[in-house]
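What follows is one structure encoded as structure tokens, with my remarks underneath.
The values are calculated or read from the model by the stated rules, or taken from the named source; none is laboratory data. Just so it is clear, the structure is predicted and the values come from calculations on it, not from any experiment. Glycine gets a Cβ as well: all are built from the backbone with ideal geometry, and neighbour counts include every protein chain shown. The protein model used for the area step is the full one, side chains on, heavy atoms only, and it has no ligands, DNA or RNA in it. Shrake-Rupley method; radii C 1.70, N 1.55, O 1.52, S 1.80 Å.
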Amino acid sequence: MTSMEARFRDAARTVPLPSPWNLSAYLASVAAHRGRSISLHPVPAGILAETGCRGSGLWVARKHDDIIVYDADTSQRDADHIVLHEVGHMLFGHGKDDSDPATPLPPTLAALLPSLSPVSIRHILGRSDFGTEREREAEVFADMTMVYATLPQRKSRSFRLFGRNR
């Protein structure tokens, strides 16, 4: 089993995928596991670009909650993928010690989300803030979760990469 396979299996055991699939229920489970709420905020794509985010979403970690910001103009399926990508970063512990406390919020994003106090922000992580390996992990996590979410209901759902059963 590869290291990535082991990490996916651990994530699936830690926060099992709901059956039937429901993104809101899954986010509630992730939030409960992390001990902090998760809120979603769609914003215009231009604002994401101004933050330096090379993708369509970013994760804002505050002291007591997490915020996922994503492109408001994307399809629902793509929005779900973006959200799951950011959740992958959360579950894999990406960004835990990657930035200084009180990361400044980009001005345009601050104007759109005025409730975000700069003092409460621990880190803001967009696609440009992670190394290739972490981005790949989060991307594959989102891909695999979306695949398993669409499979017919089964008693047990676990990640099986590359067609291997273990």
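Measuring only protein heavy atoms, the 1.4 Å probe finds S56 accessible over about 40 Å².
Site pair N22 and E139 shows an inter-label distance of 3.2 nm when each label is modelled 7 Å from Cα along Cα→Cβ. A straight chain from R13 to R34 at 0.36 nm per residue would run longer than the Cα-Cα distance by 6.1 nm. With all protein chains in place and ligands, DNA and RNA left out, the 1.4 Å accessible area ranks H33, H89 as H33, H89, largest first. Here the dipole of the range 1-89 is about 380 debye; that uses its Cα centre as origin and unit charges on the Cβ of Lys and Arg (positive) and Asp and Glu (negative).
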